[in-house]
1. Round to the nearest 10 and give me the degree value, 0 to 90, for the angle of helix B:131-149's Cα axis relative to the longest principal axis of chain B.
2. Per-residue counts of other Cβ atoms within 10 Å, averaged by peptide: what ranking do you get for A:216-223, A:468-475, highest first?
3. Once you charge only the Cβ atoms, +1 for Lys and Arg and -1 for Asp and Glu, what is the size of the charge dipole of chain B about its Cα centre, to the nearest 20 debye?
4. Label points 7 Å out from Cα along the Cβ direction at B:A469 and A:Q269: separation in nm?
5. Non-local amide H neighbours of A:A403 (under 5 Å, H modeled in plane, Pro and chain starts lacking H): which ones?
6. Select from A:V332, A:L14, A:G433 the residue farthest towards the positive end of the dipole of the range A:2-485; place +1 on Cβ of Lys and Arg, -1 on Cβ of Asp and Glu, and compute about the Cα centre.
7. Just to confirm my numbers, what's the Cα centroid distance between the range A:250-294 and the range B:231-253 in Å?
8. Could you pull out every residue, at least 5 positions away or on a different chain, whose amide H is within less than 5 Å of the one on A:V60? Hs are placed 1.01 Å off N in the peptide plane, and Pro or chain starts have none.
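The values are calculated or read from the model by the stated rules, or taken from the named source; none is laboratory data. Worth saying up front: this structure is predicted, and the values here are computed from it rather than measured. Neighbour counts run over all protein chains shown; Cβ positions are idealised from the backbone, glycine included. What goes into the accessible areas is simple: the full protein's heavy atoms, side chains included, and nothing from ligands, DNA or RNA. Shrake-Rupley method; radii C 1.70, N 1.55, O 1.52, S 1.80 Å.
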Amino acid sequence: MNDTLWQPAFVQGLLFITILGVWSAGERRHKAALYVMIASLVTSMIILATLIQDVLGGKVYTAVYNILPPFGLSFQLDLLSLALSLLFLFVGAVLVLYLVTYPLQQGYRRFQTVFLLIITCATGVVMAGDLMSLFLFFEVMSVSFFILVIHDQAQASVAAAYKYLYMTVGGSVLYFMAVACIFSLTGAVSWSEAATLPAGPLTTLAFLGFVAAFGMKAGLFPLHIWMSDAYGQAPVPAMALSSLIMLKTGAYGLIRVVHQVFGIELMNQQGWGTLLLVLSIGSILYGSLCAFAEKDLPRRLAYSGMAQVGYITFGLAMVTPDALVGSLYHIVAHIMMKGTLILCAGAIITKTGKRKISELAGIGTQMPLTMALFSLAALTSVGLPPMNIFITKWYLSLGVLDAGQPFLIFVLLASSVLNAAYYLPISYTAFFGERNRDLHGALVGERLPATMVISMLILAVGCIAFSFMPQNIPLDWARTIAAGFFQ
Amino acid sequence: MRNQLPIISVLAPLLFAVILVCFYRGHDTFKKIITLVGSGISLLASLAMIPALVSGQTLGTDASFMSTPFAVVFQGDPLSIFFAVIFSFSFFLAIIYSFGYLAHSHAHLRYYSLMLVTQGAIVGVVMTASLFGLFLFFELMAITSYFLVIHEEDEKAMYAGSKYLFMTVVAGLGVFLGLVITYHLGGRLDFVSGGYISASPLASLALFAFLVGFGTKAGMFPVHIWLPEAHPAAPAPFSALLSGSLLKTGAYGFIRLMYFIYTPQAVRAANFDTVLLVLAVITILLGSALALRQDQLKRRLAYSSVAQIGYVLLGIALYSHYALMGALIHIFSHALMKGALFLCAGAIITQTGKKNVSEMKGIGHQMPITMLAFTLASLTMVGIPPFNAYYSKWYLAVASLEAGQGYLVAVLILSSLLNALYYFPVVVNAFFPERGKIGAGKISWVRDELPQGMVYSTAFLAILCVAFAFIQPHWPIVLAAKISTALF
């Protein structure tokens, strides 16, 4: 049941026109440009949202345009693509709202243009209908992030940007190789429902290429090494953009490739799940431990993000339906949780200039709302019910049990303990303690710009709200998607 | 209407906490009224459910909340109601006591709103119809109680608080692990009398995961180590609740687990009951022995709680009619007596500022009512008839003999003896100090210089330690027997 539709191309077109508009609006009118960006992102969301009903009914939309030989630019919208593109547009709008009052010091126009370009391309990545179209969007997105990392043009940020750039190029080359392998084996580069790839060295090579390319983007151990430097140097909104959206495109790519290029049978037969599993466990444990050791708040968040993305690949590697539900749900859960943490960190850095965790003691009295939201997100990350990550962990654990390897749950538990160990002290030293007690009387509103507060609030509410609704929509969708992959 | 009572008892305190936070503008009376009403509604709702407990009904509706991915359903079966009455009653009295105790303290809004939330959470732990609801409220309670433990915010409290928080997080993860395995095995998490999960290696793993989770909450050896830190650090009314109520949620978890989720075969196949029994015995002896060595009164009481929770676990682990009865009665009597003792300790600190037992010579003349209450509660602790704890020890002893494990009686007797050794000196010193030690001159009797709410709530708890013996029938025994009979 395939129908050709105009929506995906229209959304891409609209966003690209907005990008041009933002660029030509110039440096002085950058604030107005931001509101136009939000309007355009929201419009795109509404346009895509009209398709929800049909896509939920099992329809898959495709559209092919003859503009990029030899394969053409193709889009495909199934539930996974639609859900993620809606999510990216939504989070993109929230981040742009945050950007309105974020002081970048210089280069507003450049930063904003690239910001929107990355959101657009991330949407393109998840809507792409074949490996080549995905490659196009993926590349534009990856390379342009370079500009955000180098934004401050300090020595350290230039170094971080180079590191990022070289690794990205390395990833692209491997991706290219992998697609070539796939093409030579099957003569097609599109998603397939039934996996037809034969086992063999070329297939293995292709799998490794994809894991390297997407894993690099997702910060999968041991390809994470660009992350902490880039995050430490990039302005906070750029870090949020990368952590919330770009990381997820890597995870999305892996999910797509595992299920719609190689297929479950091949995964099980070749034992690639184990490879992915080992890398994920490496990510989770190494990332958590590094985060624990890190003294700088943005860098701690970076390492923690690495651990969290490990959950997604962990669930993918189990190759059971429940575990995949956990992975998919974690995409939403992590966006809400980490988004809150990063935006709060950004608010703290903007307001007080403090980046070191040791300097944050007592900050709760200066910025009570920010730190309250930070604490909520910190508790979410530990996996307490009814917050999102509890649901992730629940499904991942069920998946692990289905796969007959109960002891792998201890990886998740260890990660939870470490999460508690590196987030909760920030929260309670911010509010409590003898020297803060005298400050309680002086508790004041923190006078953050309204746009920052709203964007933080939206994400923080997202950490907990889904559980209180009669239907947990992300969870239902994740179940539907996973059921589709495991028919 | 009766079927709405479980949900009212849980949500009323939570709702009033929200009202308090939203509308509190520093008015003392407003704060007191809102807190009392919120807590009182929950207490009344729990009391109103007692007829259902007597007739063995289950109250509640099928209305479900949340999608996490499990719905939370509020239902009260006899066991739930038994616990809910004890918990909400303890909270109500502790809140009255707090008005006096915290009058000169800071952060009132935080304290009272969190007391209400904690009350809602702890009643929620027992009033939900599945293990998942239990877990949900369990975690809520854990987080809010952290803020109450660190209320003083001095260095000791912060240290105790961190220790408590991290152990609680680990306990929560233990319960999580058990929960997920249980669901994997059974595909459900509700309570069915007799249990529905049979023996398997995974079931054993789940049981021991729960052992860590519920054991930590209950203050069982060797995961009791947070307890002696947290109790002295917390404000006295909350220490009373920690010991009298919060520890009992761990025991409640064990009861649900062993009698309603896992079949006795599964529990025995995992040797879970034996392990629990051994740990209970160690907990009793170690707690009593360590309590003997403490000079700080609240620390002594904290270790004594460790010992007392051992009795409860012992009763649960023995798996028989009388043992469970003993455990339930002991939960009831310990909530009263340890509540009274902690409130006394708080009263002493408030009036005289003295924390150590060695400084308390002759204190009975300064605060006679408080120290009389302390005396009553101490007598209960030792298990002298007709005080409440005598009955629990009696049933536990009977059950031990029935199970053919006579040495357990020796453990109980030894522990009672130790109780006497560390409580009676306090009492004796308070009323009959050695002459010359507190200066020459006549000893004059004065009244307790404390807010009336503090004195009366303490005295009330202490009187209840013995009053039930003079009411026929002895209600706690009747109710515990009903619950226990339904299970065996």
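1. 20 degrees
2. Sorting A:216-223, A:468-475 by mean packing, highest first, produces A:216-223, A:468-475.
3. 620 debye
4. For the pair B:A469/A:Q269, the computed spacing is 7.9 nm.
5. none
6. My answer, from the dipole projection, is A:G433.
7. Answer, in whole Å: 44.
8. A:D3
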